[in-house]
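Here's the structure we're looking at; comments come further down.
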Amino acid sequence: MQVEQTFVMVKPDGVKRGLIGPIITRFEQKGFELAAISLRTIDRNLAETHYGELKSKPFFGELVDYLTSGPVCAMIWQGPHAVENARAIIGKTNPVEAGPGTIRGDFGMDISGNIVHGSDSDASAAREIGLFFDRDHVAQPSAQLFGGTAV
Ligand code: DAT
Ligand code: MG
């Protein structure tokens with residue numbers, strides 16, 4: 001079985017509200033395996049690089065302010081169809097539209113504070129993992145859960 005990885009980040013409002021635990025629980029209950037985790041405050045340069053494709057958007061400045069307003073919890077989660085499965089349990093971008101049972105639907109109220117980030121493709125996941133983690137800090141997939149090698 002091919003084991004894929006995705007990058008997930010609890011944003012500063014999620015950390016402040018004590019939601020790291022509930023969010024980790026949801027990923028574990030879904031069947032994901034945690035490969036790396038890091039609590040850190042990121043600088044504007046990293047926030048701007050992470051969201052580089054949104055640079056021309058009118059909300060970009062506020063987005064960077066928000067992401068640098070306190071510690072974030074960066075994580076790598078792995079398992080089959082990691083990107084798609086993570087996006088499914090995170091829910092739609094706007095918490096107003098995110099369904100009940102999703103992280104954004106259950107914990108968020110407004111798009112300016114949507115609690116959590118999840119990569120939108122395998123290419124984005126690889127890029128974002130590279131921005132936040134050194135390769136030697138990433139656990140290999142456990143043979144017991146998935147077998148195989150991470151891609
Ligand atoms: P997602 O986080 O679901 O992948 P995205 O990549 O389109 O969504 O946008 C990244 C973040 O930017 C999103 O989590 C919240 C913010 N954002 C997106 N659209 C916005 C908007 N119209 N107004 C304010 N913030 C927005
Ligand atoms: Mg996105």
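The values are calculated or read from the model by the stated rules, or taken from the named source; none is laboratory data. Everything quoted here is computed from the prediction, not taken from an experiment. Cβ atoms come from the backbone with ideal geometry, glycine included; neighbour counts cover every protein chain shown. With ligands, DNA and RNA removed, areas are computed over all heavy atoms of the protein, side chains included. Shrake-Rupley method; radii C 1.70, N 1.55, O 1.52, S 1.80 Å.
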So residue 127, is it within 16 Å of ligand 2 (Cβ to nearest atom), modelled with pLDDT of 95 or more and of a type in the set (Lys, Arg): yes
Residue 61 within 14 Å of ligand 1 (Cβ to nearest atom), surrounded by fewer than 20 Cβ atoms within 10 Å (Cβ to Cβ) and modelled with pLDDT of 95 or more: yes
Check on residue 120, surrounded by 14 or more Cβ atoms within 10 Å (Cβ to Cβ) and under 29 Å from residue 140 (Cβ atoms): yes
Matching entry among 44, 40 (being surrounded by fewer than 17 Cβ atoms within 10 Å (Cβ to Cβ) and under 15 Å from the mean Cα position of the chain (by Cα)): 40
Residue in the range 1-13 that is within 16 Å of the chain's Cα centre (by Cα), within 17 Å of residue 132 (Cβ to Cβ) and either open to solvent by 60 Å² or more (accessible area, probe 1.4 Å) or of a type in the set (Ser, Thr, Tyr) (or both) present: yes
